[in-house]
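Engineer: Pasting a structure below so you can have a look.
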Amino acid sequence: MIGTIFWFALLAACLSIEVLSRLRPPSAATLVQTCDMIATKVLGRCALLFFWAFVGLHLFTRYTLPGH
Amino acid sequence: MKRVALLALVAAVFAWWASGVTPFTTLAYILVAVATVCVVVNYVALGALSPQRPQISRYYQARAEDTSFRRWAPWMGVVLLALTLEIVGLSLGGRSATVPTVSTMLDHLLLYHWSRAVLYFLWLSVGIWPVVRLSQRTQQGEPQ
């Protein structure tokens, strides 16, 4: 239960950072700008692609429905 | 614009079909592999993974605007906290009710076909969008 609360707190933090970065642009980078920053290097672009592929593989081919 | 709309439609149909496939089957793996290969091949074709294309790096640098640590430190903090939580969840067996992993949390969102289709479409969009964006820039003459 405590972990679930932490996950929701992290989600709220993500939303807050995103909203703050859009309302006050110099204060923080948006999520897209952060990804763009990572993508400035070829290695960063490779890492982003790998992470994206991993998420797809993990989420859509290896999921277990709760209670099944 | 027409091309993007058509691409979105194809992605939506693909997401609906692929999200109905039973997990842990060969077809489920093939469908994710097909989507991944399509994105990677197009990204490579645009030269995005070539070290001989500094224009691509400059393009991302311009999009990122200010790349100082202060600006992206909040995201770094969130990622570190998420990693810590994930490691704690995994060390508790991965299916702990006290500290669930992010996969266990997301499994609840995958209960219904429509919610799986929405997530699948979002995942596809996240992969396809940078390719579309870069391809549009290339057509406009930058980066070459």
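Every read-out reported here was derived from the displayed coordinates using simple, explicitly stated rules and does not represent laboratory data. Here the structure is a predicted model, which means the values were calculated and not measured. Glycine gets a Cβ as well: all are built from the backbone with ideal geometry, and neighbour counts include every protein chain shown.
Engineer: Starting from the eigenvalues of the Cα gyration tensor, five times each then square-rooted, give me the equivalent ellipsoid semi-axes of the protein assembly as shown, largest first, whole Å.
Structural biologist: Over the Cα atoms of the protein assembly as shown, the semi-axes work out to 30, 25, 15 Å.
Engineer: Peptide B:56-63: average number of partner chain Cβ atoms within 10 Å per residue?
Structural biologist: Mean partner shielding for this stretch: 5.
Engineer: Run the quick spin-label model on residue B:62 and residue B:87: label points 7 Å from Cα toward the beta carbon, then report their separation in nm to one decimal.
Structural biologist: Distance between the two pseudo-spin positions: 4.0 nm.
Engineer: Distance in nm between label sites at residue B:108 and residue B:34, each 7 Å beyond Cα in the beta-carbon direction?
Structural biologist: In this crude label model, residue B:108 to residue B:34 measures out at 3.3 nm.
Engineer: Which residues in segment B:1-37 have a backbone N closer than 15 Å to a point placed 7 Å from the Cα of residue B:140 along the Cα-to-Cβ line?
Structural biologist: Under cut-off, by backbone N: B:1.
Engineer: At q = 0.31 Å⁻¹, work out log10 I(q)/I(0) for segment A:2-61 with the Debye formula, treating every Cα as an identical point scatterer and leaving solvent out; two decimals please.
Structural biologist: -1.01
Engineer: With just the Cα atoms defining each centre, how far is segment A:1-49 from segment B:1-23? Give it in Å.
Structural biologist: Each part's Cα centre sits 26 Å from the other's.
Engineer: Still on this structure, please answer the following. Of B:93, B:72, B:43, whose Cα points farthest to the positive end of the dipole of segment B:42-120 (charges on the beta-carbon: +1 Lys, Arg; -1 Asp, Glu; origin at the Cα centre)?
Structural biologist: Selected residue: B:43.
Engineer: 5 Å is the cut-off here: which amide hydrogens, built 1.01 Å from N in the peptide plane, fall below it relative to residue A:29, excluding neighbours closer than 5 in sequence?
Structural biologist: B:72
Engineer: Please give the peptides B:70-79, A:35-44, B:20-29 ranked by average Cβ packing (other Cβ atoms within 10 Å per residue), highest first, as a rough proxy for protection.
Structural biologist: Descending packing order for the listed peptides: A:35-44, B:70-79, B:20-29.
Engineer: Give the relative contact order (percent, whole number) for chain B; include only Cα pairs under 8 Å separated by 6+ residues.
Structural biologist: Relative contact order, chain B: 40 percent.
Engineer: With every atom except the alpha carbons ignored, what do you get for Rg and Dmax of segment B:23-144, in angstroms?
Structural biologist: Both quantities, over Cα of segment B:23-144: 18.8, 53 Å.
Engineer: Also, quick follow-up: Can you tell me the length gained on complete extension of the stretch residue B:13 to residue B:79, counting 0.36 nm per residue apart and subtracting the Cα distance?
Structural biologist: Here the segment from residue B:13 to residue B:79 would lengthen by 20.5 nm.
Engineer: For peptide A:39-45, what's the mean number of Cβ atoms from other chains within 10 Å of each residue's Cβ?
Structural biologist: The mean count of partner-chain Cβ atoms within 10 Å per residue comes to 6.
Engineer: Between residue B:4 and residue B:44, what's the calculated FRET efficiency when r is the beta-carbon distance and R0 is 22 Å? Round to 0.05.
Structural biologist: Rounded to the nearest 0.05, the efficiency is 0.60.
Engineer: Per residue of B:101-114, what is the mean number of Cβ atoms on other protein chains within 10 angstrom of that residue's Cβ?
Structural biologist: Average per residue, whole number: 4.
Engineer: Under 5 Å between amide H atoms, partner at least 5 residues away or on a different chain: which partners does residue B:96 have, H built in plane at 1.01 Å?
Structural biologist: Here B:101 satisfy the definition.
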